[in-house]
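Okay, so here's the structure we're looking at.
Computed from the coordinates by the stated procedures, all read-outs in this text should not be read as laboratory data. For clarity, every value in this text was computed on a predicted model and none was experimentally measured. Please note: Cβ atoms are built from the backbone with ideal geometry, for glycine as well, and neighbour counts cover all protein chains shown.
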């Protein structure tokens, strides 16, 4: 898996590029939480849930069906998120789905259970450039630093390059004179 840090980088970059008038700070925080949320399944290790089980790591919590839950919650809570229900659901839902898609680009693990409950097959993308992150305290090692460096190249930089045109368009739009 990419680190929890890199899962949060995606919403933070896109939210910053879109600007706080379009993506409020509460919505941005909800998006960051949604992007990190699927990795809460690692708590299952403490409960005796095996990695390969349906609710093991990268299992059902990494599915598109699971990503609908934070999206629906965000739509319900759109007023405190200071946005419309549609924008809340779309932003949070897309960021929740970004998590398993990034995990499917890693070079280790058992794959991602993206289609559960319709299909129990775990998959990876054919191209897997992101180094898989060690889980737990092992992250704070030289291996963890190597993973962060890999993520800077394969997650942070592409996200920044995709967010840059959005930022430039927003600046141009905000600077354009408004018709009365």
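Miscellaneous remarks
- Its DSSP H runs of at least 4 residues, each contributing -39,500 (n - 2.57), put the calculated 222 nm mean residue ellipticity of the chain at -16000 deg cm²/dmol, to the nearest 500.
- The ratio of the alpha-carbon radius of gyration of the chain to the globular-protein estimate 2.2 N^0.38 Å is 1.10.
- Orientation-averaged projected area, Cα convex hull of the range 112-155 (nm²): 4.0 nm²
- The angle between the Cα long axis of helix 157-175 and the main principal axis of the chain comes to about 10°, on a 0 to 90 degree scale.
- Between helix 4-18 and the chain: long-axis angle, C-alpha atoms, 0 to 90°, nearest 10: 10 degrees
- Which of 27, 73 has the fewest Cβ neighbours within 10 Å, and the rest in rising order: 73, 27
- Cα-based helix-to-principal-axis angle, 142-151 vs the chain, degrees rounded to 10: 40 degrees
- For the chain, modelled as a GNM whose springs connect Cα atoms under 10 angstrom apart, the maximal fluctuation among 116, 87, 143 occurs at 143.
- Across the chain, Cα pairs under 8 Å and at least six residues apart give a relative contact order of 27 percent.
- Seen through its C-alpha gyration tensor, with square-root eigenvalues sorted a ≥ b ≥ c, the range 86-180 comes out oblate because a/c lies at 1.5 or above while a/b is not bigger than b/c.
- Packing-based exposure ordering (other Cβ within 10 Å, fewest first) of 36, 142: 142, 36
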